[in-house]
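Participant: One structure, pasted below without further comment.
The values are calculated or read from the model by the stated rules, or taken from the named source; none is laboratory data. None of the values given here were measured: they were computed from a predicted structure. Methodologically, a virtual Cβ is constructed for each residue, glycine included, from the backbone with ideal geometry; neighbour enumeration extends over all protein chains shown. When the accessible area is computed, the model is the full protein with side chains, heavy atoms only, and any ligands, DNA or RNA have been set aside. Shrake-Rupley method; radii C 1.70, N 1.55, O 1.52, S 1.80 Å.
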There are 2 protein chains.
Amino acid sequence: MAQQRKITLQESEIPTHWYNILADMPNKPMPPLHPGTKQPVGPDDLAPLFPMELIKQEVSTEKWVEIPDEVRNIYSIWRPTPMYRAYGLEKALGTQSKIYYKYEGVSPAGSHKPNTAVPQAYYNKEEGIRKISTETGAGQWGSALSFACKLFGISCEVFMVKVSYEGKPYRKVMMNTWGAKVHSSPSNLTEAGRKILAQDPNSPGSLGIAISEAVEVAALNEDTKYSLGSVLNHVLMHQTVIGLEALKQMEKAGDYPDIVIAPFGGGSNFAGITFPFLAQNLTGGKKIKAIAVEPTSCPKLTRGAFRYDFGDTVGMTPLIPMYTLGHNFIPSPIHAGGLRYHGAGAIVSQLLKDGIIEANAINQNECFEAGLLFSGTEGIIPAPEATHGIAEVIRQAKQADKEGVSKTILFNLCGHGHFDLSAYEQYLAGNLVDYEVPQEVINASLAELDTPAI
Amino acid sequence: MAQQRKITLQESEIPTHWYNILADMPNKPMPPLHPGTKQPVGPDDLAPLFPMELIKQEVSTEKWVEIPDEVRNIYSIWRPTPMYRAYGLEKALGTQSKIYYKYEGVSPAGSHKPNTAVPQAYYNKEEGIRKISTETGAGQWGSALSFACKLFGISCEVFMVKVSYEGKPYRKVMMNTWGAKVHSSPSNLTEAGRKILAQDPNSPGSLGIAISEAVEVAALNEDTKYSLGSVLNHVLMHQTVIGLEALKQMEKAGDYPDIVIAPFGGGSNFAGITFPFLAQNLTGGKKIKAIAVEPTSCPKLTRGAFRYDFGDTVGMTPLIPMYTLGHNFIPSPIHAGGLRYHGAGAIVSQLLKDGIIEANAINQNECFEAGLLFSGTEGIIPAPEATHGIAEVIRQAKQADKEGVSKTILFNLCGHGHFDLSAYEQYLAGNLVDYEVPQEVINASLAELDTPAI
């Protein structure tokens, strides 16, 4: 075979440390604020929700944080993940550019999410926690945490956004298979859920509401902590194993990316692939262009405001300095459920504010068209979230061809679409609708906010 | 990390040749017979159905058949597949034995089936064929062939057993995503389908019926050939890439199996993992015990007759010398759809007849219990077919512990269960029924046969 398709690493090359970009950022994010006092939160404020080691990681500015052996041992079920040269896609596009992708869908849960679910479950287990509560939208995160909890013998309770709970029954069963309890959210199990149901008994739910429910369960139960699958600093840091491996793989391929692309929901997938490359940008090394891709139906990075906002709908979480559409913003029901979140993590928001990263928004029909081209040329059927990255890759390759240059483009194929085929069915039938949010809707949502400006 | 979990190979270590066990068998299988004349079939009889290169491979007794570069290139999307040491499962069992598994679920279609779908599509393309027809039960084979056809630009038409077509809609969409046309079988598109529907308009379908439909489409259309996902000699040979890689990986692990186990439907999965090891048995090398595991609801190896029988229900295929329950036998609706087939391939049947391999039958509740233990300890949710192998592994490990010995056990984890979670749901709810076939049902089915005895 003339062309090598996969660039693989040995089990011994699984990273030994996570990379903490806080160490290298020129401007650190502003501190999260207590939802009541509006003062910076301290470790004690977070202790009811998180084990102390994760609270330490959340505020740490150490550049490298060691990955425990037990975590690396579980990582080895699917890590190191393969990197591919996308010869099939390149050929179909007729592009001069070189396209690489890192494939995270090989994890048992089918996405990059176990990279942080496993250490989160581990630190909870180490501190004697018996149960973790969480929320899930499309189901990727809930699956990942269920998997991780099962391996460490911890109970897991998942509040799953009602539209997904009803539309993706097999995601629920997957979580059950790993022993988790799954509830449709809003539920009548929590004060937060009951409040929403009182206003609207037919509420389809949202990630923000499900977070409120999961946080409440953890706050009220001594033996239960809460776990979040994106947004927070420690979550983004855990995902850097993706980019750290990709750096080595690029070196093995004798190449280096000009552009690194990932879909954007809360920031964990994007951080995972880009931060280890941005470390070079920030410390005088080779420079990449990092592009976060969000759906036009939930455009917080490209059209949101940079200010303090809650992570959840009810207002129970700390206030985070973020690009946001407002915590009451309910995104249209696109199929990339993992990207339907009103805000962005503090670190990523600061990087965008400082011009260190870029963002684009793309409609879902363009994304599914890209996903179908990808599955027909590279073989792997991508998750709807991942198709956003692919669509941007295609745009960039076409742009480079138009300019007569060749770029080296890397993207994170964050998961497979095995549980999202009803979305492909609708796309193939021509039934997918693009939802571009009207400016007045965004304005109205932001006008409602009484959270501190920055 | 003290323990290495995965044994991986480089892309350059993808096998260059398939292994043909016909070269080493002490007794070759008897020839297939023409369904009309009952005389041995020649290449011309098969030419309407298969491209000439595959017909040659079907009768070849060369020990090694070269894998074309284009096929190895597509293989490299997911091959070499990882081999795992099952530390988690070993620990849960508290066994002294060592358990290894080869994981074929990393292919885009999610099982071992693309190992033969890709070369079959390739040889058809090389001989100018524009369309391939086939059948599928659980959907693994139809997905694999759709994937392979898409990559080589060939049309694909799949007759999918009605119960699966209705019960697994996402398998159908997966095939559509790769451009295939999928029909519920029995259909009114073929003479064979209309005949069945005339007898029973509510027929749930069977693999045998779907084969009749697909064969008819190929026989009647000049530009269309037929493709089968198991049973035939060339199909089994293509799957030996699994065992050839496993041999190398065992060597890297500094180990060698005492027992090699695989589920058994038509024989391709079993042949794939065991034949390269059996080559050692047959040529004076180290000896393994090879165990084929079938469901108690479809026990052709353990309770069938060894005689000539048709591969399909209507009687259009050549007569094959096989262990069979009779081509009219309709297996109970267990969830391992890929194992619901009345007969076994000629090679595997001869090996069983000659005492070179062994077979066991296991009930589905024991299999799902094993699958759940596996997913909770190793992380990967296995396909219902694959759980049959796991259940036998557990039996063997327990038996060895009882005897106070340590065995090295290898099995083929042939696919993931992402499209089979409704089966797990029923198992978790306690609703799965075990179907042990009454002897009089088998007797009656075999008594109906007017095919030649052996």
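Participant: Of all residues being in contact with a strand residue (DSSP E or B) (Cβ under 9 Å, 6 or more places away or on another chain) and closer than 14 Å to residue A:361 by Cβ in the range A:427-451, which is least open to solvent (accessible area, probe 1.4 Å)? Just the residue, please.
Facilitator: Looking at residues that are in contact with a strand residue (DSSP E or B) (Cβ under 9 Å, 6 or more places away or on another chain) and closer than 14 Å to residue A:361 by Cβ, I get A:442.
Participant: Are any residues in the range B:384-406 of a type in the set (S, T, N, Q) and either open to solvent by less than 20 Å² (accessible area, probe 1.4 Å) or over 23 Å from the mean Cα position of the chain (by Cα) (or both), and if so, which ones?
Facilitator: Of the range B:384-406, the ones of a type in the set (S, T, N, Q) are B:387, B:396, B:399, B:406.
Once the filter is applied, which keeps residues that are of a type in the set (S, T, N, Q) and either open to solvent by less than 20 Å² (accessible area, probe 1.4 Å) or over 23 Å from the mean Cα position of the chain (by Cα) (or both), the range B:384-406 yields B:387, B:399, B:406.
Participant: Given the residues B:327, B:388, B:342, B:335, which is the only one that is more than 22 Å from residue B:111 (Cα to Cα) and either in contact (Cβ under 8 Å) with a residue 12 or more places away in the chain or away from chain A (no Cβ under 14 Å) (or both)? Give the derivation first.
Facilitator: Values: B:388 fails: more than 22 Å from residue B:111 (Cα to Cα); B:342 fails: more than 22 Å from residue B:111 (Cα to Cα); B:335 fails: more than 22 Å from residue B:111 (Cα to Cα).
After applying the criteria, what remains is B:327.
Participant: Out of curiosity, is residue B:22 more than 14 Å from chain A (Cβ to nearest Cβ) and closer than 18 Å to residue B:310 by Cα?
Facilitator: no
Participant: Is at least one residue of the range B:209-222 out of contact with any Lys or Arg (no Cβ under 7 Å at 6 or more places or on another chain), closer than 25 Å to residue A:428 by Cα and modelled with pLDDT of 95 or more?
Facilitator: Checked the range B:209-222: at least one residue is out of contact with any Lys or Arg (no Cβ under 7 Å at 6 or more places or on another chain), closer than 25 Å to residue A:428 by Cα and modelled with pLDDT of 95 or more.
Participant: Evaluate the following for residue A:133: is it touching a Lys or Arg at 6+ places or on another chain (Cβ under 7 Å), at negative phi and open to solvent by less than 20 Å² (accessible area, probe 1.4 Å)?
Facilitator: no
Participant: Still on this structure, please answer the following. In this structure, does residue B:284 turn out to be of a type outside the set (S, T, N, Q) and open to solvent by 10 Å² or more (accessible area, probe 1.4 Å)?
Facilitator: yes
Participant: Do we find that residue B:137 is without any contact (Cβ under 8 Å) to a residue 24 or more places away in the chain and farther than 20 Å from residue A:377 by Cβ in this structure?
Facilitator: Answer is no for this residue.
Participant: Out of all the residues in the range A:68-75, is one or more in contact with a strand residue (DSSP E or B) (Cβ under 7 Å, 6 or more places away or on another chain) and either over 30 Å from residue A:222 (Cα atoms) or modelled with pLDDT of 95 or more (or both)?
Facilitator: Residues of the range A:68-75 that are in contact with a strand residue (DSSP E or B) (Cβ under 7 Å, 6 or more places away or on another chain), as a first pass: none.
For the range A:68-75, residues in contact with a strand residue (DSSP E or B) (Cβ under 7 Å, 6 or more places away or on another chain) and either over 30 Å from residue A:222 (Cα atoms) or modelled with pLDDT of 95 or more (or both): absent.
Participant: Is it the case that residue B:81 is surrounded by fewer than 17 Cβ atoms within 10 Å (Cβ to Cβ), under 28 Å from residue B:124 (Cα atoms) and either within 20 Å of the chain's Cα centre (by Cα) or within 11 Å of another protein chain (Cβ to nearest Cβ) (or both)?
Facilitator: Spelling it out, it is not the case that residue B:81 is surrounded by fewer than 17 Cβ atoms within 10 Å (Cβ to Cβ), under 28 Å from residue B:124 (Cα atoms) and either within 20 Å of the chain's Cα centre (by Cα) or within 11 Å of another protein chain (Cβ to nearest Cβ) (or both).
Participant: Quick one: how many residues across the range A:222-255 are in contact (Cβ under 8 Å) with a residue 24 or more places away in the chain, open to solvent by 10 Å² or more (accessible area, probe 1.4 Å) and in a helix (DSSP H, G or I)?
Facilitator: Adding up the residues that qualify gives 5.
Participant: Pairs, please: C-beta under 9 Å, at least 6 apart or cross-chain, first residue aromatic (Phe, Trp, Tyr) and in the range B:427-439, second part of a helix (DSSP H, G or I) and open to solvent by 60 Å² or more (accessible area, probe 1.4 Å)?
Facilitator: Matching pairs, first to second residue: B:427/B:369.
Participant: Scan the range A:351-375 for residues that are open to solvent by 10 Å² or more (accessible area, probe 1.4 Å), in a helix (DSSP H, G or I) and over 27 Å from residue A:438 (Cβ atoms) and jot them down.
Facilitator: A:372, A:373
Participant: If you don't mind, another one. Could you say which residue among B:409, B:380, B:454 is more than 14 Å from chain A (Cβ to nearest Cβ) and buried (at least 20 other Cβ atoms within 10 Å of the Cβ)?
Facilitator: Step by step, each of B:409, B:380, B:454 is checked, and only B:409 is more than 14 Å from chain A (Cβ to nearest Cβ) and buried (at least 20 other Cβ atoms within 10 Å of the Cβ).
Participant: Answer yes if at least one residue in the range B:115-130 is open to solvent by less than 10 Å² (accessible area, probe 1.4 Å), in contact with a helix residue (DSSP H, G or I) (Cβ under 6 Å, 6 or more places away or on another chain), modelled with pLDDT of 95 or more and away from chain A (no Cβ under 14 Å), and no otherwise.
Facilitator: Within the range B:115-130 (the criterion being open to solvent by less than 10 Å² (accessible area, probe 1.4 Å), in contact with a helix residue (DSSP H, G or I) (Cβ under 6 Å, 6 or more places away or on another chain), modelled with pLDDT of 95 or more and away from chain A (no Cβ under 14 Å)), the answer is yes, since at least one residue qualifies.
Participant: Counting only residues that are of a type in the set (A, V, I, L, M, F, W, C) and open to solvent by less than 20 Å² (accessible area, probe 1.4 Å), which one in the range B:1-19 is farthest from the other protein chains (Cβ to nearest Cβ)?
Facilitator: Per the stated criteria, the residue is B:18.
Participant: Kindly indicate whether any position in the range A:413-426 is at pLDDT 95 or above, in contact with a strand residue (DSSP E or B) (Cβ under 7 Å, 6 or more places away or on another chain) and more than 14 Å from chain B (Cβ to nearest Cβ).
Facilitator: Yes, some residue in the range A:413-426 is at pLDDT 95 or above, in contact with a strand residue (DSSP E or B) (Cβ under 7 Å, 6 or more places away or on another chain) and more than 14 Å from chain B (Cβ to nearest Cβ).
Participant: Name the residues in the range A:170-182 that are within 11 Å of chain B (Cβ to nearest Cβ) and open to solvent by 20 Å² or more (accessible area, probe 1.4 Å), would you?
Facilitator: Once the filter is applied, which keeps residues that are within 11 Å of chain B (Cβ to nearest Cβ) and open to solvent by 20 Å² or more (accessible area, probe 1.4 Å), the range A:170-182 yields A:170, A:172, A:176, A:179.
Participant: Applying the selection to the range B:184-217, what residues are farther than 16 Å from residue B:315 by Cβ and assigned to a helix (DSSP H, G or I)?
Facilitator: B:197, B:198, B:217
Participant: So residue B:96 fits all but one of (1) under 23 Å from residue A:86 (Cβ atoms); (2) part of a loop (DSSP other than H, G, I, E, B); (3) open to solvent by 20 Å² or more (accessible area, probe 1.4 Å); what number is the exception?
Facilitator: With (1) under 23 Å from residue A:86 (Cβ atoms); (2) part of a loop (DSSP other than H, G, I, E, B); (3) open to solvent by 20 Å² or more (accessible area, probe 1.4 Å) applied to residue B:96, the lone miss is (1).
Participant: So which residues in the range A:52-71 are open to solvent by 20 Å² or more (accessible area, probe 1.4 Å), in a helix (DSSP H, G or I) and either within 14 Å of another protein chain (Cβ to nearest Cβ) or touching a Gly at 6+ places or on another chain (Cβ under 7 Å) (or both)?
Facilitator: A:69, A:70 - these are the residues of the range A:52-71 that are open to solvent by 20 Å² or more (accessible area, probe 1.4 Å), in a helix (DSSP H, G or I) and either within 14 Å of another protein chain (Cβ to nearest Cβ) or touching a Gly at 6+ places or on another chain (Cβ under 7 Å) (or both).
Participant: So, in the range A:314-330, how many residues would count as being open to solvent by 10 Å² or more (accessible area, probe 1.4 Å) and part of a strand (DSSP E or B)? Don't jump to the end; show me each part of the working.
Facilitator: Initial filter on the range A:314-330 (open to solvent by 10 Å² or more (accessible area, probe 1.4 Å)): A:314-318, A:320, A:323, A:327-330.
Checking which are part of a strand (DSSP E or B) leaves us with A:320, A:323.
Total satisfying the criteria: 2.
Participant: Looking at B:139, B:110, B:167, which is the one that is open to solvent by less than 10 Å² (accessible area, probe 1.4 Å), modelled with pLDDT under 95 and within 22 Å of the chain's Cα centre (by Cα)?
Facilitator: Going through B:139, B:110, B:167 in turn, the sole match is B:139.
Participant: Is it true that residue A:447 is under 30 Å from residue B:107 (Cα atoms) and more than 12 Å from chain B (Cβ to nearest Cβ)?
Facilitator: Taking the combined requirement at face value, the residue does not satisfy it.
Participant: Follow-up. For residue B:49, are the conditions met, namely being assigned to a loop (DSSP other than H, G, I, E, B), hydrophobic (A, V, I, L, M, F, W, C), within 14 Å of chain A (Cβ to nearest Cβ) and surrounded by 18 or more Cβ atoms within 10 Å (Cβ to Cβ)?
Facilitator: no
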